[in-house]
Amino acid sequence: MTDDLQRLFKAVQEKEKRDADRIKQISDQIGHNGGPKIADPFGIRAAWFKFADEHDARRLAKLHLRIERKKAGLRELTRERTTIMMRCIRRMRRAEGKE
C-alpha cells in the first residue's frame, strides 16, 4: 500500500515539475506583461525618443501595448459591425425582391 502511494506521489511530483517547466518556457516566450517582445522600440524612430529616460521608456512601453490592444479591439468591433451591416443589406434586398 505504501509503495503504491509513494509511486503515485512521485508521479504527481514529476508531472508538477513538467508543468512548471512548460509554464516557464511559455512565459519566457511571451514576456513579462503578455505582450510581444519589441525589437524596434515601439515603432518610434523620432529624434526625441533618444532623450527618453528609463521611466519614460517604461511608460511608453505600457502605453504602446495598451494602444495596440485597443486598435485590435476596434478592428474586431468594426469587423462585427460590417458583418451585421451586410446581413441587413441582404435582408433588405430579399424584401425588395432583388435576389
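The values are calculated or read from the model by the stated rules, or taken from the named source; none is laboratory data. Being a predicted model, the structure only gives us computed values, none of them experimental. Cβ coordinates were reconstructed from backbone atoms using ideal geometry, including for glycine residues, and neighbour counts include every protein chain displayed.
A few points about this structure:
- Only one of the numbered conditions (1) at pLDDT 85 or above; (2) surrounded by 10 or more Cβ atoms within 10 Å (Cβ to Cβ); (3) under 26 Å from the mean Cα position of the chain (by Cα) is not met by Glu54, and that is (2).
Here's the yes/no breakdown for (1) modelled with pLDDT of 80 or more; (2) surrounded by 11 or more Cβ atoms within 10 Å (Cβ to Cβ):
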residue	(1), (2)
Arg7	yes, no
Lys10	yes, no
Asp19	yes, no
Ile26	no, no
Arg59	yes, yes
Lys62	yes, yes
Arg79	yes, no
Met86	yes, no
Arg93	yes, yes
